[in-house]
Amino acid sequence: MSKIRVRFAPSPTGPLHIGGARSALFNWLFARSLGGEFIVRIEDTDLERSSLEYEELILAALRWLGLDWDEGIGVGGDNGPYRQKERLTIYNPYTQKLLETGQAYHCYCSEEELEAERQALIAKGQLPRYLGKCRNLSGREKEERLLLTDKPVVRFRVPEGRLVVVDDLIRGRVEFESDGIGDYIIVKSDGIPVYNFAVVLDDALMGITHVLRGEEHLSNTPRQLLLYEALNFPLPKFAHISLILGEDRSKMSKRHGSTSVEQYRQEGYLPEALVNFLALLGWSPEGEEEIFSMAELVAKFSLERVAKSPAVFNLEKLKWMNFHYIKEMSLEQLTACCIPYLLKAGLIDEKEAVERREWLRQVIATARDGLHYLAEAPALVKVFFGETVELAPDDEEAKEVLALETSPAVIRRFREEALAMDDWDGEKVRQILKELGKELNVKGKALFMTVRVAVSGQSQGRDLNAILTLLGPAVVAKRLEESLRRFL
């Protein structure tokens, strides 16, 4: 058996979306698990919508996910170039061959004619398709049609009365009637090959042995199989991965969560978590384990365990998985990852990020158990920054605590104790609170909650001892003074 060669061929008309990322991952895992090669090329024949900016975003997303490639764009290889618009001269001889053998022909139909034909078929309840108006034109008829347009398209002549069979590695035998396909365009009037033609030429000329892609491409496969046959190319094996649905089992969209890999990166999801999560969308390993390293995924992956049924995107599960990987990070790693979010939120500046690094590590440590993705960090640690106190408007418990008869005395006395301190640690804070409770004859909520609300503006949040210790007595005293002035 020849070496397995698979490819991922995105169109650079937008960032890498979740479905595309999963297809890339499955191709990569399949190749790595069987000692094969993974190729990345760019399908950019949609000249109006394609851009180098999107191309770089896609490639950057693949690198961020850890999906390296053996051949292709930015890497090189023996089968380049790896952008379709740079391969036009490679495609032309194959177009000419199909025209010369009568397996393709020029079509001169206008957009208006095609639309009228389409609407007529729909009105009859039939599948819209080209009915072959230009299929058998005489030389004179071609000349007459050329007077109407000098830029005909090229259509593939679909054999009539054929049963086209796709032996899918995931879905099994899938049959298509060739009469329901109609002669389809393979080269547009501007000379640019369409997807179904270019992808066949690229896959065949690059020696692709297996085509793993989304289920939405299954309807393209009979058209492509007919082209393989017409051009005498060896057939690759096909495997169509199930769709990804939202939790309401409708097509995945923005209402189900972010749809691009870049958005998840910006929100602070870790690549290890996203890869782990995507791998389980449609593939199920043996056993109940759900957390896998990349090496474990490679060792366990097989197409035999890829499901036919749609995969459901569960954002809460992704958060849980990301939470797991965040907890596995060292505190130094986590702090380094959180700092950009603190900078963006304006909680610190570049100088503070360097000079207060140890203090920042301690601050981040308090949030670790509540951090599901890194963009949550600023909100979780905001209490540690600044000298002002903002009372949460919907925190009724905080308001009730401040309304207690004992609260003013607790706040004043704790402020006096803070003013008397140059510095303190956790044990000293606990001792001050204990003695203050005895002195004022207050305890529990009336003591601890009062101090918490007066210092943080919230009835719940980070550990009170950690808040007081990391803020230090000077900042605590200022906050208590402001609470006395504003809320009491």
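The values are calculated or read from the model by the stated rules, or taken from the named source; none is laboratory data. Computed from a prediction, not measured in an experiment: that's the story for all the values here. With ideal geometry, Cβ positions are generated from the backbone for all residues, glycine too; neighbour counts draw on all protein chains shown. Only protein heavy atoms, including side chains, enter the accessible area calculation; ligands, DNA and RNA are left aside. Shrake-Rupley method; radii C 1.70, N 1.55, O 1.52, S 1.80 Å.
Using only the Cα atoms of the stretch 1-103, build the gyration tensor, take square roots of its eigenvalues as a ≥ b ≥ c, and label the shape rounded, prolate or oblate: rounded if a/c is under 1.5, else prolate if a/b is larger than b/c, else oblate.
Oblate, since a/c reaches 1.5 and b/c is not below a/b.
At what distance in angstrom do the alpha carbon centres of the stretch 394-432 and the stretch 333-361 lie from each other?
When both Cα centres are located, 28 Å separates them.
Under 1.5 on a/c is rounded, so check that first for the stretch 263-416, then, if it is not, pick prolate when a/b is larger than b/c and oblate when it is not; a ≥ b ≥ c are the square roots of the alpha carbon gyration tensor eigenvalues.
The shape class here is prolate.
Just the accessible area per residue of the chain, please: how many Å² with a 1.4 Å probe?
Heavy-atom SASA per residue in the chain reads 49 Å².
Over 10 Å intervals from 0, what percent of Cα-Cα pairs in the stretch 128-220 sits in each interval?
13, 35, 34, 13, 4
List the equivalent ellipsoid semi-axes of the stretch 86-173 in whole Å, largest first, each obtained as the square root of 5λ for an eigenvalue λ of the Cα gyration tensor.
26, 22, 13
Could you please tell me the mean projected area of the C-alpha convex hull for the stretch 31-91, averaged over all directions and given in square nanometres to one decimal?
Projected area, direction-averaged: 4.9 nm².
If you place +1 on the Cβ of every Lys and Arg, -1 on the Cβ of every Asp and Glu, and leave all else neutral, what size is the dipole of the stretch 330-375 about its Cα centre, to the nearest 20 Debye?
The dipole of the stretch 330-375 has a size of about 80 debye.
Apply the Debye scattering formula to the stretch 48-127, with a single equal point scatterer on each alpha-carbon and no solvent, then give log10 I(q)/I(0) at q = 0.12, 0.18, 0.21, 0.26 Å⁻¹.
-0.71, -0.91, -1.00, -1.22
Over all pairs of distinct alpha carbons, what does the Kirkwood formula give as the hydrodynamic radius of the stretch 374-488, in Å?
14.0 Å
Could you tell me what percent of the accessible area of the stretch 114-153 is made up of carbon and sulfur, with a 1.4 Å probe and every protein chain present?
The computed percentage sits at 52.
If the rule is a partner Cβ under 4.7 Å, which cysteines in the chain fail it?
Cys109, Cys337, Cys338
Working out 0.36 nm times the residue gap between Glu427 and Lys97, then minus their Cα-Cα distance, what length gain in nm do you get to one decimal?
Length gained, Glu427 through Lys97: 110.3 nm.
Once all Cα-Cα distances of the stretch 286-376 are split into 5 Å bins that start at 0, what whole-number percent is in each one?
2, 11, 18, 17, 15, 10, 9, 8, 5, 3, 1
How high is the relative contact order of the chain? Use alpha-carbon pairs under 8 Å, at least six apart in sequence, and give a whole percent.
The normalised contact order for the chain reaches 12 percent.
What number does the stretch 191-232 give for Rg over Rh if you use C-alpha atoms and the Kirkwood radius?
Dividing the radius of gyration by the Kirkwood radius yields 0.94.
How many percent of the accessible area of the stretch 276-372 is carbon or sulfur, using a 1.4 Å probe?
Here carbon and sulfur together make up 51 percent of the probe-accessible area.
Using only helices, what value at 222 nm comes out for the chain when you add -39,500 (n - 2.57) per DSSP H run of length 4 or more and divide by the total residues, to the nearest 500 deg cm²/dmol?
-14000 deg cm²/dmol
Tell me, what is the FRET efficiency for Arg368 and Tyr228 to the nearest 0.05, using R0 = 56 angstrom and their Cβ-Cβ distance as r?
0.55
How large is the direction-averaged shadow of the alpha-carbon convex hull of the stretch 190-303, in nm²?
Averaged projected area of the stretch 190-303's Cα convex hull equals 10.5 nm².
Normalised radius of gyration for the chain, please: alpha carbon Rg relative to 2.2 N^0.38 Å, two decimal places.
For the chain, the normalised Cα radius of gyration is 1.38.
Zone of Leu243 (label point 7 Å along Cα→Cβ, backbone N under 15 Å): which residues in the stretch 13-27?
Taking a point 7 Å out along Cα→Cβ of Leu243, the residues of the stretch 13-27 whose backbone N falls under 15 Å are 19-20.
Sorted by mean Cβ packing within 10 Å, highest first, what order do the peptides 103-116, 212-225, 434-447 take?
Result, highest mean first: 212-225, 103-116, 434-447.
Please state the shape class of the stretch 373-420: rounded when a/c is under 1.5, otherwise prolate if a/b exceeds b/c and oblate if not, all from the C-alpha gyration tensor.
oblate
Lys151 to Leu343: extension gain in nm, 0.36 nm per residue of separation minus the Cα-Cα distance?
Here the segment from Lys151 to Leu343 would lengthen by 63.5 nm.
Only four residue types carry charge here, +1 at the Cβ of Lys and Arg and -1 at the Cβ of Asp and Glu. Report the dipole size of the chain about the Cα centre in Debye, rounded to the nearest 20.
It comes to approximately 440 debye.
Which order do the peptides 193-204, 458-469 come out in when sorted by mean C-beta neighbours inside 10 angstrom, highest first?
In decreasing order of mean packing, 193-204, 458-469 become 193-204, 458-469.
May I ask what percent, to the nearest 5, of DSSP beta bridges between residues of the chain are antiparallel?
Here the antiparallel bridges make up roughly 55 percent for the chain.
Based on the mean of other Cβ atoms within 10 Å per residue, sort peptides 361-373, 89-101 so the most packed one is first.
By packing density, highest mean first, the sequence is 361-373, 89-101.
Give the Cα extents of the stretch 84-135 along the principal axes, in whole Å, largest first.
Computed over the Cα atoms, the extents are 41, 25, 18 Å.
Quick one: Cα convex hull volume of the stretch 335-407, Å³ per residue?
Once divided by residue count, the hull of the stretch 335-407 is 126 Å³.
Filter the cross-link list Lys142/Lys188; Lys85/Lys188; Lys97/Lys142; Lys351/Lys428; Lys327/Lys445; Lys251/Lys317 down to pairs whose alpha-carbon distance in this structure exceeds 23 Å.
The answer is Lys351/Lys428; Lys327/Lys445.
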